[in-house]
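Accompanying notes for the structure given below.
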């Protein structure tokens, strides 16, 4: 067996608002964190991305030139499709035949893949998750990486990297469960059954909406607003609390009610998006037990009692990542780098 390099391939996650990178070091079969980096972006266009990569990997802190890249969500189309295979037709052939009925661009201009699912309906139709992108967009990403002096070893959807991190962190095959991954400007809602992704949707709802509401209503700085959400959040008022601290122009005893009045409507928008996914998934797994639990994760889930609020609104059990037992190397950097972490873990046998 070939010995793996001392340093892992660099995992890079690109979004319209920022970029993150992570690399492991290997030592006698064990992984340790070598380096992480992140920068902000105002707009993920070609020019800014080309300039961002050298800044993200500044100096000689990261080792090697090979990178694994997440495909920015605006460039990818993910659609659940049903089909029946014709006689002597493979699944690959059937997916390619059906893809043209769903994609917003031509088959000839596309790079197409799919994720199999264990779902077969009453009409014996297969159900897969179609993944496609314009070939020109993929080649453009590869070219930008090359011009930055790097080599793109892998490009994959962000949710695939996230799924791998979750699997490796929990050290087991995942069964029927929803995953709600909150980010600053978006949320990934993913349904998993029998250890496979059944459905995924990325919505433009981000936790920044909550913080912006808090800042404007209470006149708080962004840092102070985040601290208030962590300390008080959506918890019910503790009537035995005798604190007289003031938050903005409010005393603590008045704060609970104001927080609920301000951010409940914003969070209810998120719950409606989650409920749409739950309803859709229930419609396609009619012969199975409904998915009845969800895991809430992401760097912004430390709003106090957020999981309980979502649970009350969507009607299934919601847990947070902190309640899960995870591997130490993932526990170290997971709260901020789930997706670049998942990219680097492609080369690791973390489920064996």
Item to check | Some residue of the range 172-182 being assigned to a strand (DSSP E or B) and within 18 Å of residue 130 (Cα to Cα) | outcome: no
Next on the checklist: Looking only at the range 155-208, count every residue that is surrounded by fewer than 18 Cβ atoms within 10 Å (Cβ to Cβ), closer than 18 Å to residue 75 by Cα and either in contact with a strand residue (DSSP E or B) (Cβ under 6 Å, 6 or more places away or on another chain) or free of Cβ contacts under 8 Å to residues at least 24 places away in the same chain (or both) and tell me the total.
Outcome noted: 3
Checklist entry - Is the range 318-330 home to any residue that is under 29 Å from residue 39 (Cβ atoms), at pLDDT 90 or above and touching a strand residue (DSSP E or B) at 6+ places or on another chain (Cβ under 7 Å)? => result no
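The values are calculated or read from the model by the stated rules, or taken from the named source; none is laboratory data. Predicted model only: the values in this text are computed from it and were never measured. Positions of Cβ are generated from backbone atoms using ideal geometry, with glycine treated the same way; all protein chains shown enter the neighbour counts.
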